[in-house]
Amino acid sequence: MGEEPDMLAEYDSQLRLDAEAQGALARRLLHWYPREGVLVEAPGVGEGAGDGPFLPVMTAVFAGEAGFISHGAVGQEGNAALLRDELTRPGRLAALVDAGVAAVLDLAGELRGLDDESATGSGRNSAAGGEADGTGFTADAALTTDTALSPGAGSLTSATRAGTVMQSGSVPAGTPVRAPRRPLSTLEWKTRSHDGLPGLGDALRAAGFTEGEEESVMIGDAAALAVEVPLPDGVSLQQVLTLEDALALCIAAEDAFGGSAADAPRRAADLMGRLARGNGTEAWMAVADGEVVSGGRLEPVPGTDFAGIWGGFTLEEWRGQGIYRAVTAQRARAALAQGISLINSDSTDYSRPILERYGFVRVTGTTPFEREFG
């Protein structure tokens, strides 16, 4: 089945709204102005700051040490022609990569700075709504209120809300960057095949990023997925409600994705933070004899008809028995119960055929580029 270009505009719109809605300290929507070589926070940009066409850039830090960057597509409307012209000038994409990396490192420093305050009793702590994993990390739920974003909470926040701009690869002069207690370990830069940014892959590789396998962005009706799927004997579906549930889910996911069980406590704390945000996020798992064998989460996009299904997995020895389809169907039912009609998913070659059976279509491709920090 080919791509569906008519759905790209709607897909891009929900991506932008998702980044804007999840404006907690762990995520921040920025604007990249290639003509001036500056990266500024999207809300509250001062008069005259960042004149010219811009590219939306979403920066994030998950589980305390995993960085993430995603950006909007150049598109075909508005200032798209001017933006495309600016981004194809020599050095522009390399500057974008430098600025994006610097912004995520700065954001990671802010999170660790707040963690330091929490550990010493001078700042927010797990009693404010987060779950501690015993290593000093406080879940994102403790960082989602307006007070966590008040001026002075961190270097990038206080500077950009005052209209100050960041030069490529730097922060405003005289603004300290807090060093993280546990430094950023990885940074993923998510690209899409319709970005309209030829040369970005080369710029990322030159900056030390390694290209991953392309996945398919699939979109379809939630109702089409919400079917009854029989489960094998002894397997049941359970909603993730406690930290113990989240830890069991994350241990199984690390196993399925070839990760390390040592990362599971931090990822479980991050998951509990997501579930505590009150935006309709849910996580479900399939359990057999007390062991998690499959699972995934649902994340609605506020203000749209979309929800994303993320983190889906099934342990290899349990595949081919309809368990992943059952977990996906349950997430679709959860979406419908919240009034959500459309589902999007970044799908591997394993999950794409399953979604296609239910009428989902590929709208674009997405390729991760990852950089490790020693």
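Numerical summary
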| quantity | calculated |
| --- | --- |
| The lone exception for residue 347 - which of (1) farther than 26 Å from residue 191 by Cα; (2) hydroxyl-bearing (Ser, Thr, Tyr); (3) within 20 Å of the chain's Cα centre (by Cα) it fails | (1) |
| Any strands (runs of 3 or more DSSP E) falling wholly within region 23-64 and containing at least 3 residues that are out of contact with any Cys (no Cβ under 8 Å at 6 or more places or on another chain), farther than 12 Å from residue 107 by Cα and modelled with pLDDT of 85 or more | 27-33, 55-62 |
| Restricting region 191-207 to residues that are in a loop (DSSP other than H, G, I, E, B) and not small (Gly, Ala, Ser), the residue that is nearest to residue 70 (Cα to Cα) | 195 |
| Residue list for region 335-374, filter: in contact (Cβ under 8 Å) with a residue 40 or more places away in the chain and in a helix (DSSP H, G or I) | 335, 336, 352, 355, 356 |
| Meets criteria (of a type in the set (A, V, I, L, M, F, W, C) and modelled with pLDDT under 90) for residue 173 | yes |
| Those residues of region 90-108 which are touching a residue at least 12 places away in the same chain (Cβ under 8 Å) and either at positive phi or over 20 Å from the mean Cα position of the chain (by Cα) (or both), in sequence order | 92, 93, 94, 95 |
| Residue pairs meeting the criteria (Cβ under 7 Å; at least 6 apart or on separate chains; first open to solvent by less than 20 Å² (accessible area, probe 1.4 Å), in region 247-274; second at pLDDT below 95 and basic (Lys, Arg)) | 250/267 |
| Check on residue 300, in contact with a strand residue (DSSP E or B) (Cβ under 9 Å, 6 or more places away or on another chain), within 24 Å of residue 27 (Cα to Cα) and surrounded by fewer than 23 Cβ atoms within 10 Å (Cβ to Cβ) | yes |
| Test: residue in region 312-334 that is part of a strand (DSSP E or B), over 16 Å from residue 217 (Cα atoms) and open to solvent by less than 50 Å² (accessible area, probe 1.4 Å) | yes |
| Test: residue in region 325-348 that is hydroxyl-bearing (Ser, Thr, Tyr) and out of contact with any helix residue (DSSP H, G or I) (no Cβ under 8 Å at 6 or more places or on another chain) | yes |
| Filtered residues of region 190-206 (kept if small (Gly, Ala, Ser) and either open to solvent by less than 30 Å² (accessible area, probe 1.4 Å) or at pLDDT below 95 (or both)) | 193, 196, 199, 201, 203 |
| Residues within region 261-302 that are among the basic types (Lys, Arg) and part of a helix (DSSP H, G or I), tallied | 3 |
| Residues (of a type in the set (Ser, Thr, Tyr) and either touching a Ser or Thr at 6+ places or on another chain (Cβ under 6 Å) or assigned to a loop (DSSP other than H, G, I, E, B) (or both)) located in region 219-244 | 242 |
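The values are calculated or read from the model by the stated rules, or taken from the named source; none is laboratory data. Please read all numbers here as calculations on a predicted model, not as lab measurements. For neighbour counting, all protein chains shown are included, and Cβ atoms are generated from backbone atoms with ideal geometry for every residue, glycine included. With ligands, DNA and RNA removed, areas are computed over all heavy atoms of the protein, side chains included. Shrake-Rupley method; radii C 1.70, N 1.55, O 1.52, S 1.80 Å.
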